[in-house]
Amino acid sequence: MARIPLLQMNGISLTFGGDPIFSDLDLVVQPGDRVALVGRNGSGKSTLMKIMAGLVEADTGSIVVPPGKSVGYMEQDPKMEGFATLGDFAASGLEPGEMYKVERAGEGLKFDPARAVETASGGERRRAALAKLMAEAPDLMLLDEPTNHLDISAIQWLEDELSATRAGFVLISHDRAFLNALTRATLWVDRGQVRRQEKGFEAFEAWRDKVWDEEDQARHKLNRLIKSESRWAVEGISARRKRNMGRVRALQDLKSERASQIKRQGAAELALESGPKSGRKVIEAEGLAKSFGDKVILSNFDLKVQRSDRVAFVGPNGVGKTTLLKMLLGQEEPDAGQVKLGTNLEVALFDQTRDQLDGDLSLWENLTSDPSMRISGKADQVMVRGQPKHVVGYLKEFLFDERQARAPVRSLSGGEKARLLLARLMARSSNLLVLDEPTNDLDVETLDLLQELLDAYDGTVLLVSHDRDFLDRVATTTIAMEGNGKATVYAGGWSDYLAQRQPEVAVEAASKPKAAKAKPKAEAKPVEGLSFKEKHRLEALPDEIDRLEKEIAKLEELMADPELFSREPVKFKKATEALVERQEKLAASEEEWLILEEKAAE
């Protein structure tokens, strides 16, 4: 029996006062679809998702959502007027008594439902919008950059939730690891055209490169044909032969075809220039300690950073990564210990809060007002790595057009703001780069370029990021900040950190007294003696434990293949990591169930 689609778009066209963004677009999303929506910054991904959500009206075409099916959209900038707390907003679409769904999502996404809306940060508001969507559990979820403002543990929670859901979802993200783990189909938005491939994001780049290669070959053949026909036309005139007017018209048609082709957007012309070499020893920290009231950020921490190191800082939001960075740079005093900075350091900083940009000023003014880029007496030029360049010319290197140069920065998308910050950062030479969440909102192609630049950069890099794939590609050292003052130095990137941490987790688990295992009943009834939140948690745990046991069984069956390691080493590694992770979660869930059962019995 044919499946009823969750959403169907027919003949969708949309123009914003210029070239069409979409033209005659047909699209179907089926139950259970797990779709990556990809494309360059500014290609129209978010616009397409808003059309799907019914928030942007197309010029032509229709959208059909069958009766009884629901579509939910995670708002980027949620409107919370009329709500006292984030929890009130997140629960606004739920039935009475379902607040526990928001509380559960709040635990996973690490936001406080009791936080007042007026004091909440932009990141907290976005997490509340994501919690609202997860709690409402529509048949089709539309997720636009859901991992922004999430730390790695919250990203992992969201990844697990989406892996287990039966709902369909369409996902925009810059996080390769997230997309690779979740998606089974890919929608590619490119110059007003939307292509679909029934493979997940892992296969996207090979597909994209193949399409572009075929496009280049077709253009090359068209250019050769035009050149050949143009030579015939000229020679025909000079020889005073009667011209074949049909052939001349065909030549004009060929030229019109070439003119109508939309040129691919080039890559941003990113460039990093290392300043004079720093000393071999860049930073040496001994016995660092830092607290804010009762909250311990760091306790007796030592670190040596050598020239050319790539040091990544990972850990939950609010654990103190930025504070540690500031102490290492001498911008904040530790409570105890000392930091020695090496000689000849030239620091360049990429700030995740975008505070270096003035939203009321234009892109032009943001560049020319930077003291390190300003050229006295030349308002239309900036200094770029020691050479004067016209402002518009430099902005074009970062994929901005002339019209945007005088637009206010507040009108830019997140990806465009990130590119403008990179333009400022890369205008000056440096030998110590400090990058605080540089990957947020950047498209895949720009991320690739940034990673290649960092590989070739002759200086030292300090990096804060929640992008696991980017950490693996860039970091040579990872500092894991786990709270309560604990910060541990590991060799390598994110995957290396996980591999080294597993024995530590096993030792810690072995040192704890073990409670006797008891299998929870299939259905746990609400009991007295527990809080409202704990009751619902106790009800949910049996299903969670069953799901984890099934996932573990599947992974163990996969790894039982003796040839898997030699045949598919990457798959074997991922399966091993997933197995360890789920075993840890199962042990934690069983222990939590025992504790709640004992508390209920008391």
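Would you confirm, using the coordinates I've provided, whether ARG406 is among the basic types (Lys, Arg) and buried (at least 19 other Cβ atoms within 10 Å of the Cβ)? No.
If you go through segment 301-318 and pick out every residue that is closer than 24 Å to GLY459 by Cα and outside any strand (DSSP E or B), you end up with 3.
Screening GLU346, GLU332 for residues that are within 25 Å of LEU471 (Cα to Cα), surrounded by fewer than 16 Cβ atoms within 10 Å (Cβ to Cβ) and in contact with a Ser or Thr (Cβ under 7 Å, 6 or more places away or on another chain) leaves exactly one candidate, GLU346.
For ASP24, state whether it is closer than 15 Å to GLN8 by Cα, at pLDDT below 90 and in contact with a Gly (Cβ under 9 Å, 6 or more places away or on another chain).
Considered against the rule, which asks whether it is closer than 15 Å to GLN8 by Cα, at pLDDT below 90 and in contact with a Gly (Cβ under 9 Å, 6 or more places away or on another chain), ASP24 comes out as yes.
If you go through segment 50-71 and keep only what is crowded, with 21+ Cβ neighbours inside 10 Å and of a type outside the set (Val, Ile, Thr), you end up with just MET52. Within segment 286-321, being surrounded by 20 or more Cβ atoms within 10 Å (Cβ to Cβ) and under 25 Å from the mean Cα position of the chain (by Cα) holds for ARG310, VAL311, ALA312, PHE313, VAL314, GLY315, VAL319, GLY320, LYS321. Within segment 176-200, residues that are on the phi > 0 side of the Ramachandran plot reach partners that are surrounded by fewer than 16 Cβ atoms within 10 Å (Cβ to Cβ) and in a loop (DSSP other than H, G, I, E, B) with beta carbons closer than 6 Å, at six or more positions or on different chains, in the pairs ARG191/ILE262. Restricting the first member to segment 426-437 and to residues that are assigned by TED's automatic domain parsing to the domain that holds PRO371 and closer than 20 Å to LEU395 by Cα, and the second to residues that are of a type in the set (A, V, I, L, M) and assigned to a loop (DSSP other than H, G, I, E, B), the beta-carbon pairs closer than 7 Å and six or more apart or on different chains are MET426/LEU270; MET426/ALA271; MET426/LEU272; ALA427/MET373. Considering only residues that are within 16 Å of GLN306 (Cβ to Cβ) and not in a strand (DSSP E or B), which ones fall in segment 455-473? Those that are within 16 Å of GLN306 (Cβ to Cβ) and not in a strand (DSSP E or B): TYR457, ASP458, GLY459. Selection of segment 73-104 for residues being under 22 Å from GLY414 (Cα atoms), of a type outside the set (A, V, I, L, M) and modelled with pLDDT of 90 or more yields only TYR73.
Scan segment 431-452 and tell me whether some residue there is on the phi > 0 side of the Ramachandran plot and within 19 Å of the chain's Cα centre (by Cα). Looking through segment 431-452, at least one residue is on the phi > 0 side of the Ramachandran plot and within 19 Å of the chain's Cα centre (by Cα).
If you go through segment 73-125 and keep only what is surrounded by fewer than 18 Cβ atoms within 10 Å (Cβ to Cβ), of a type in the set (Ser, Thr, Tyr) and free of Cβ contacts under 8 Å to residues at least 40 places away in the same chain, you end up with THR119, SER121.
In this entry, LEU158 is excluded by the filter for residues that are in contact with a strand residue (DSSP E or B) (Cβ under 7 Å, 6 or more places away or on another chain) and touching a residue at least 40 places away in the same chain (Cβ under 8 Å).
Has segment 264-282 got at least one residue that is of a type outside the set (Gly, Ala, Ser), surrounded by 13 or more Cβ atoms within 10 Å (Cβ to Cβ) and at pLDDT 90 or above? Yes, because at least one residue in segment 264-282 is of a type outside the set (Gly, Ala, Ser), surrounded by 13 or more Cβ atoms within 10 Å (Cβ to Cβ) and at pLDDT 90 or above.
The values are calculated or read from the model by the stated rules, or taken from the named source; none is laboratory data. What you see is a predicted model; the values in this text were computed from it and never measured. Positions of Cβ are backbone-derived with ideal geometry, glycine not excepted, and every protein chain shown enters the neighbour counts.
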